[in-house]
Each structure stands twice: as C-alpha cells, then as structure tokens.
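This report refers to the structure that appears directly beneath it.
The values are calculated or read from the model by the stated rules, or taken from the named source; none is laboratory data. A quick note: this is a predicted structure, and the numbers were derived from the prediction, not measured. A quick note on method: Cβ atoms are made from the backbone with ideal geometry, for glycine too, and the neighbour counts reach across all protein chains shown.
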Amino acid sequence: MELQKRLRVSLLLLRLGVFVVMFVWTLDKFVAPDHAARVFEHFYHLEGLGAGALAVIGVLQLIVVLGFVAGLYRAWTYGLVLAMHAVSTFSSWQQYLAAFDNLLFFAAWPMLAACVALFLLRDSDTMLSLDTLRHRS
C-alpha cells in the first residue's frame, strides 16, 4: 500500500477513534445529566447546570462531533474537538498527581496527541470526508 493511502487510512481510523470517545462524552449530557452536571462542577467549576443547559451544550457538542466524524469543515470541527479535549485533559490535572489511583485519566494524553495530529494533518484526512466531496463539486 502506498504511503498516501496508508496516511489516509490512519487518519480515518484516528478520526473514528476520537469520535467514539467524544460521542459518548456528548451522550452523557442527555443520558445521565446528573453525572454530566457533577463533571462540570468538579472539573470545570461550573455549578448549577441543569438538564436544560446541559441539553443545549450537548446539542452544540453533537453538531461539532458529527461534523468532525464526517470530515466536514475540518479546520473548525477538528479545532473545536481539539480544544474541547484539551480543556478536559488539562482540567483534570489533579488526577495526574495521584497517578496510580487514576490510571484511566492518562488515556487522555494519547487521545490529545491524536487530536493534535488530526488537526495538523486535516488537509490529508480525505477518506470518507464530506469536505473532500464538497470541494470536488
């Protein structure tokens, strides 16, 4: 397989992998708003978010995440996914201080690296990308 094809397949797989995490994170706001509210309170210091506010945040996030997985408006959607995940990763800094009590939090770092790679290589991420189809027409 040629290098360009391997790159496109690799970027697609990274996009799909990041999407799975971001999609479940988004669904949490609809399926378990109490849990989502506790996360916002504990990690982002945003208290008192009700189900309505979380639904609005969830809808906006869902639009971004679906655009991201579709490869649509890549500069914006990839950038927003990177920003959302970076905020999440850095706001969890206290979890890293007790590393062996919070091992799963360390999975955020390779995902953050994947988000950075996708953003930097977004013009090469053309496999199953709506932007690619949009620019062909």
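Data overview
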{"item": "Those helices (runs of 4 or more DSSP H) lying entirely in region 37-123 with at least 1 residues crowded, with 19+ Cβ neighbours inside 10 Å", "result": "51-70, 74-91, 108-120"}
{"item": "Every pair of residues 6+ apart whose Cβ atoms lie under 8 Å, when the first sits in region 124-136 and is closer than 19 Å to Leu13 by Cα while the second is of a type in the set (A, V, I, L, M) and not in a helix (DSSP H, G or I)", "result": "Ser129/Leu72; Leu130/Leu72; Asp131/Leu72"}
{"item": "Qualifying position, being under 11 Å from the mean Cα position of the chain (by Cα) and either closer than 24 Å to Val9 by Cα or polar (S, T, N, Q) (or both), among Ala113, Ala108, Ala117", "result": "Ala108"}
{"item": "Filter pass, Phe30 being in a helix (DSSP H, G or I) and surrounded by 15 or more Cβ atoms within 10 Å (Cβ to Cβ)", "result": "no"}
{"item": "Considering residues of region 124-135 that are surrounded by 18 or more Cβ atoms within 10 Å (Cβ to Cβ) and either in a helix (DSSP H, G or I) or polar (S, T, N, Q) (or both) only, the residue modelled with the lowest pLDDT", "result": "Asp131"}
